[in-house]
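Here the structure is laid out as structure tokens; the discussion comes afterwards.
Just so it is clear, none of the values below were taken in a lab; they were calculated from the coordinates. Everything quoted here is computed from the prediction, not taken from an experiment. We place every Cβ from the backbone using ideal geometry, glycine too, and count neighbours over all the protein chains shown.
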Amino acid sequence: MMKYLLFLLFLLLKAGTATAQNNLVVNGIPWFDDKGNIVNAHGACIVEENGRYYLFGEWKSDKSNAFPGFSCYSSDDLVNWKFENIVLRVQPEGILGPNRVGERVKVMKCPKTGEYIMLMHADDMEYKDPYIGLATCKTIAGDYQLQGPLLYKGQPVKRWDMGTFQDTDGKGYLLIHHGPVYRLSDDYRSIEAEVAHIKGMGESPAMFKKNGVYFMLTSNLTSWEKNDNFYFTAPQIEGPWTKQGLFCPEGKLTYNSQSTFVFPLKCGNDTIPMFMGDRWSYPHQAS
Ligand code: GAL
């Protein structure tokens, strides 16, 4: 009888764990995909498409910091993730060829063309040859074609940490470390204008809008080390931008993370900004 009761208890506990795992996002520990592998998507972003969420990120390795490709996972509840594809692979040569760095991948659907536009930071292994790269695809989950450096006035943007923001009017923006905010052209394939330069900005820019106010999150420059991230606000994307201070308690080091993206999560008539940050573990970034 005792044995039977213990077995029952074991089954109940097991069922309890399974339910918890299927319904909760647990922060700061590895998540597992439908195949039982760690969800490997860093410097990430989420795109919503027909009620499904697509997560794009750096497909990190534990062996080297060289670009191993960008991954894509999909989910209908932000908890259970299905591995979709390595949407952009190491290129034979060029800005994302062998032994280059590829980071902070961001994807947006261009409202005008319906094309999926992927932007990223590409660099050499010493971070001395930065580019913002452009890749495109007709379908959300790849395969993306690398088009080369994103151009502004015909020239590549030689900067590193980047983010993107898509406004409710359909305009797309490229956010750059230490200040510049660029508006993309109608087809999102080039830069049209620099619309703001936010004084005092750091790295890892991430923007969202809530109740008509624009928010810009950013980190201090400490490489893979965590720090107290801070933010700015503005009534319009063009500014004026005002520094507001920290958005997590001081000393918590942004709960041991670095900002990368804010996903506008639709909840009924409301939109809730969902913070996404990285817990780096260099040089074991995959695990
Ligand atoms: C961080 C940056 C990361 C990565 C790292 C390399 O500051 O936000 O994306 O580039 O530096 O040291």
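Descriptive notes on the structure:
- Relative contact order (%) - the chain, alpha-carbon pairs under 8 angstrom, separation at least six: 12
- Over the residues of the chain, the helix contribution to mean residue ellipticity at 222 nm works out to -3000 deg cm²/dmol, using -39500 (n - 2.57) for each DSSP H run of at least 4.
- Cα gyration tensor shape for the stretch 17-124, rounded if a/c is under 1.5, else prolate or oblate: oblate
- For the stretch 195-202, 3J(HN,Hα) computed residue by residue from phi via the Karplus equation (6.51, -1.76, 1.60; θ = phi - 60°) reads 9, 7, 9, 8, 5, x, 5, x Hz, glycine and proline entered as x.
- One quarter of the surface of the convex hull around the alpha-carbon atoms of the stretch 99-193 equals 6.1 nm², the direction-averaged projected area.
- Non-local lysine pairs in the stretch 109-225, meaning eight or more places apart or on different chains, with alpha-carbon distances under 26 Å, amount to 25.
- Nearest 10 degrees, 0 to 90: helix 2-23 Cα axis against the chain principal axis: 10
- Applying both filters, DSSP loop and at most 13 other Cβ atoms within 10 Å, to the trypsin sites (Lys or Arg not before Pro) of the stretch 20-119 gives K35, K63, K112.
- Our coupling estimate for the stretch 259-268, obtained by passing each phi through the Karplus curve with A = 6.51, B = -1.76, C = 1.60 and θ = phi - 60°, is 4, 9, 6, 10, 8, x, 7, 7, 10, x Hz, Gly and Pro reported as x.
- Annotation note: chymotrypsin sites (Phe, Trp or Tyr not before Pro) in the stretch 176-254 located in DSSP loop regions with a Cβ neighbour count of at most 15 within 10 Å are W224, F247.
- Cα shape, the stretch 149-248, gyration tensor, a/c 1.5 rule: oblate
- Charge tally in the Cβ shell below 15 Å around P68, where Lys, Arg are +1 and Asp, Glu are -1, P68 excluded: +1
- Amide hydrogen neighbours beyond the local backbone of E115, cut-off 5 Å, H modeled: C110
- Spin-label model distance (nm) - T113 vs Y282, 7 Å beyond Cα toward Cβ: 3.3
- Percent of Cα pairs exceeding the 27 Å cut-off, where the set is the chain: 40
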